[in-house]
Amino acid sequence: MDFPRHDTDTARAAHQALREHAQQTGERHLAALFEDDAQRFERLSRSGCGLLADISKQRLTTETLSLLSELARARGLQSWIECLFKGEDVNWTEQRPAMHWRLRDTKDRAPDVHAQLARMERMVDRILRGQWRGCEGDAITDVVNVGVGGSDLGPLMASFALSEQRPPRGHRPRVHFVSSMDGSQVAPLLQELNPATTLIVVSSKSFTTVDTLTNAATARGWLEREMPGRNGAVLRCHFVGISAQPERMSRWGIHEDNQLQFWEWVGGRYSLWSAIGLPIALTIGMQGFRELLAGAHDMDRHFQDTPWQDNLPVMMGLVDVWNLNFLNITARAVLPYDGRLKHLPSYVEQLEMESNGKSVTRAGENVTHHTCPVIWGEVGPNAQHAFYQLLHQGTQPVACEFIVAARHDRLNADGSEFKQLEDQHQLTLANCLAQSRLLALGEHALPADLELPAFKRYRGNQPSTTLMLDELSPRHLGSLLALYEHKVFVQAVLWGINPFDQWGVEMGKVIATDMIQVLESGQGGDNLDASSRALAERARRLNQD
Amino acid sequence: MRIDLFGDTLCAQVTAAALAQSGHRVNWYLPTGRVDQALRDQGRVLYQEPGLAELVAQQRDAGRLRCLGFNEQGDAPAPVVFLALQPGTFDQARAVVDRVAAGSACRLLVNQSTFPVGSSEKLQARLIKAGVDTPVACLPDTLQEGMALQTFTRPNHILLGCNDDAAEVLIREILRPYNRRRDVIQVMQPREAEFAKLAISGMLATRLSYMNDMALLAEALGVDIDMIRQGMGSDPRIGEAYLYAGCGFGGPGFSSDVMSLTDTLRDKRISAELLSDVLRINERQKEVLFRKFWRHFDGDVKGRRVTLWGAAFKPNTDRIDNGPALSLIEALWAQDVDVHVHDPLAMPELQRWANGHGELTCHDDPYQAVRGSDALMVVTEWKAYWSPDWDDLHAAMRTPLILDGRNIFDPDYVRGHGFDYQGIGRGQRRPARPSK
């Protein structure tokens, strides 16, 4: 099948219409927009899959949305969505499909996926029942996930987010994450752990990632030193491998029974739904993990079946394009008002910036507009004490994204001890709503007769989206993450880029290998630039002393 | 005297049979259910204990022991009521108390059930609230499973919680046949008696877990824990009882006593660190034979065959509750090991537990059970296992590996017959004098 053309006359016309629209209306203050239209929230909020997206605090109107839809139509979004879900090679630079959605499809349509899930379930069950044995015969109490990028951020984020939920049966192990290549995480962790009861999960799609393999080698050295002479039992009992490359796992020494596989058609940053999600399943149980998948599947259906004006990923993708390309807002802050979503910002940073930090179209031309904005974030209430100053009174426009759960599950329990926690949840919600209001309205949110000196003033007009989850359950988290994934795809279509490759991170790995030689021997530094040569030389000298 | 006795514990059965034997007319009320049916319709007994089945049958034939359903009414309410209910069934105790309060014929209520400390006093308060002044005494169940009848009829000590003189006279009269050689009754407050009983169990459990920790050290140091045990036991401050390292304690009473004591401590906001560790060590110990098996084969155990000798948590009983056999079988199942079991008494109980749980082959003949096995695990020290025919055993097994969870064999002797032998805490001792 042919992909739709990106650059067409209709697309140019739609783009131009938006540009003019932005010139006419883009600077209108949010306070005025709310004043104009009492129904603004009803018109500009959407819900589905247990999520509500309020875009009424964005600097746009329903007219903006229809113009954006025109652009999306001209860019062939509908065909692109079909191509994605038909398994066409939407990852054109690597000639393969991107079928992360298939990881949460039904059993009849994805039997291979469900076969791996069943393998994973047996493993999870054995660990939770205390029947996965170390080489001395002890039950495993600690699991160390060794991975980086998608093999780290997704599982870490979701395990942490859902850890209030426990597996219905069995005893969950403590789950640890090790990613940094310098050993600064793995070394102190291993000191705390009992080798006899520790299981190492080596997660790497290619099983060549140097960060992961060096950490795994350190863990392996530790286990073999601590428990010598076990005739291979250390590898057999203490290592699980998760990869799309079974032969490489075997070559490294992962026992065949301990291998979980996923596929080339899953991008690393889209892989938490596969066996890469093992730490999540260990934290909340396999049933909970399947709920997470079901939530994502709900969003897959929603994305395919819902008309654009009510389609959450489409609407949110269009809003981001509007902010970046037409209002020239080049930064976005991800602000969860929930400590459980502490790792969501780094997850979203990778998902969006590694996907859409591109500048070449399918036709091989440089794009003529911005693509992905700079994204950063932090747990909202903590960020209030850090960078909100810039949001409120700085010079940069920043689009904000507030994420909050309406209910907190534990609050449904009885008893006075929960009252305090309930109050804390209310306080957090109140802060979330207050901040988005003040950012949007500025002084219009304050009493009218308030006279303020210049340095105390609030300009307002910082746009934001609020994503309100009914609650932070596995199912709703699944929907939320799939929403981000599909939104990224929508943006990529509008920008004409491939969101599924990451060529920009490959070359650094290669030239780092050359640099090792320079650091070790001092040889080969002549071809380096003056700065790199001097830094390498200084580090080498200090290491010799 | 006429006595009404409520409950289906081992203590209930022993008390009912023994009191009937000494001439009382006992109405024994059982909760409706499986055990009750088994007893009444098929003449079977609840618990397998030496001499107990015969005694129950004898007393029923003699007409002094009648079994009734919990809610049935006997001829007339008896002047003395015994409660020997299962732990955790305080509701039933309350129901009996209400029945007693309604009857007005009762002169003494004796609580033998193991409930949390203070329960007998709670029952007393309930009676008083109902306007009845029947005293409640506490006679904690200190029977030893495997010799339950003997410990009832020839006790070394009897704890009696009672603060009513008339009640004490009455209960002394009932216990008189078992208290002849010397007076072994120690009278104290009901809550003291309840506490003392749990504290005894806690202490014994602590000794066992302590010895099991010492056994680990003995293995690491290459000494035999049995020498250490003898050395310790001969010190009169310590004494010889409960110093045997082994593959973990179990049973319906012992571990639940320790758990109940742990809960009581936590209820009072006293950290139960020692007892928690005692229980944790015991859980670890229940798997010790599995770990030895696993290490012997370096974790490569899938599809191997293992035989357990013994499933009962101790000899002379068919009870398997909380016993190490269950933990072992679960661990073996999880590794796809083919499990075979022999036990002289507990096979029906084990089969019932295993139903719908996992596959397990039961054998009537211990040598048949080990045929083709890669390991023999001795879990219960039944007398019949102490001196096996080593040649037959060796010929039957595929891998001659003996894992002795009760240290009933002589390591050197067994090894001399071509077996790999591992006990609990039996490090390979060095020869007495290094050979030149």
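Note the angle between two axes, namely the Cα long axis of helix A:210-226 and the longest principal axis of the Cα atoms of chain A, as a number of degrees from 0 to 90, rounded to the nearest 10. Between the helix axis and the principal axis of chain A, the angle is about 40 degrees. Phi angles across the range A:317-325 convert, under the Karplus curve 6.51 cos²θ - 1.76 cosθ + 1.60 with θ = phi - 60°, into 3J(HN,Hα) values of x, 5, 4, 5, 5, 4, 4, 6, 8 Hz, Gly and Pro given as x.
Stretched out straight at 0.36 nm per residue, the stretch from B:Q86 to B:E359 would grow longer than its current Cα-Cα span by 95.3 nm. Of B:R406, A:R172, the sequence from fewest to most neighbouring Cβ atoms within 10 angstrom is A:R172, B:R406. Packing order of peptides B:145-155, B:229-239, highest average first: B:145-155, B:229-239 (average count of other Cβ atoms within 10 Å over each peptide's residues).
The mean count of C-beta atoms from other chains within 10 Å of the C-beta of residues in A:230-239, rounded to a whole number, is 3. Sorting B:Y421, A:Y337 from the fewest to the most surrounding beta carbons within 10 angstrom yields B:Y421, A:Y337. Per residue of peptide A:138-150, the mean number of Cβ atoms on other chains within 10 Å of the residue Cβ is 1.
A cut-off of 5 Å between modelled amide H atoms, ignoring neighbours fewer than 5 places along the same chain, links A:A405 with A:L469. Taking the C-alpha atoms only, the angle from helix A:153-162 to the longest principal axis of chain A is near 80 degrees. Averaged over residues, the count of other Cβ atoms within 10 Å places the peptides B:341-354, A:353-366, B:7-20 in the sequence B:7-20, B:341-354, A:353-366, highest first.
Peptides A:529-535, A:60-66 ranked from most to least packed give A:60-66, A:529-535, packing being the mean of other C-beta atoms within 10 angstrom over each peptide's residues.
For the range B:380-420, the set of chymotrypsin sites (Phe, Trp or Tyr not before Pro) satisfying both a DSSP loop assignment and a count of at most 12 other C-beta atoms within 10 Å is given as B:W386. Between the Cα long axis of helix B:90-103 and the first principal axis of chain B there is an angle of about 20°, rounded to the nearest 10. To the nearest whole number, what is the average tally of beta carbon atoms from other chains within 10 Å of the beta carbons of peptide A:129-137? Neighbouring Cβ atoms belonging to other protein chains average 6 per residue here. Return the percentage of antiparallel bridges among DSSP beta bridges fully within the protein assembly as shown, rounded to the nearest 5 %. Within the protein assembly as shown, antiparallel bridges account for around 15 percent of the total. For B:K129, the lysines whose Cα falls under 28 Å of its own Cα, not counting residues fewer than eight places away in the same chain, are B:K197, B:K268. Of the listed pairs A:K358/A:K456; A:K107/A:K487; A:K342/A:K487; A:K456/A:K487, which have alpha-carbon separations greater than 30 Å here? In this structure, A:K358/A:K456; A:K456/A:K487 lie more than 30 Å apart at Cα. Taking the fewest neighbouring Cβ atoms within 10 Å as the starting point, the ordered list for B:I185, A:I127 is B:I185, A:I127.
When the trypsin sites (Lys or Arg not before Pro) in the range B:294-336 are filtered for DSSP coil states and for at most 14 other beta-carbon atoms within 10 Å of their beta-carbon, the remaining sites are B:K302.
Rg/Rh, computed from the Cα trace of the protein assembly as shown with Rh as the Kirkwood radius, has the value 1.08. Looking at the range A:374-469, the GluC sites (Glu not before Pro) that sit in a DSSP loop and have at most 16 other Cβ atoms within 10 Å of their own Cβ are A:E451. Let me check against my output: what whole-number percent is the relative contact order of chain A, with C-alpha pairs under 8 Å and at least 6 apart? Once divided by the residue count of chain A, the mean separation gives 19 percent. The phi-based Karplus calculation (6.51 cos²θ - 1.76 cosθ + 1.60; θ = phi - 60°) puts the 3J(HN,Hα) values of the range A:245-261 at 10, x, 5, 5, 4, 4, 4, 5, x, 6, 5, 4, 5, 9, 9, 10, 10 Hz, whole numbers, x for Gly and Pro. Counting only Cα atoms, the size of chain A along its three principal axes is 78, 69, 57 Å, in decreasing order.
Coordinate-derived values only; no laboratory data. Keep in mind that this is a model prediction, so the values were computed, not measured. Cβ: placed from backbone, ideal geometry, glycine included. Neighbour counts: every protein chain shown.
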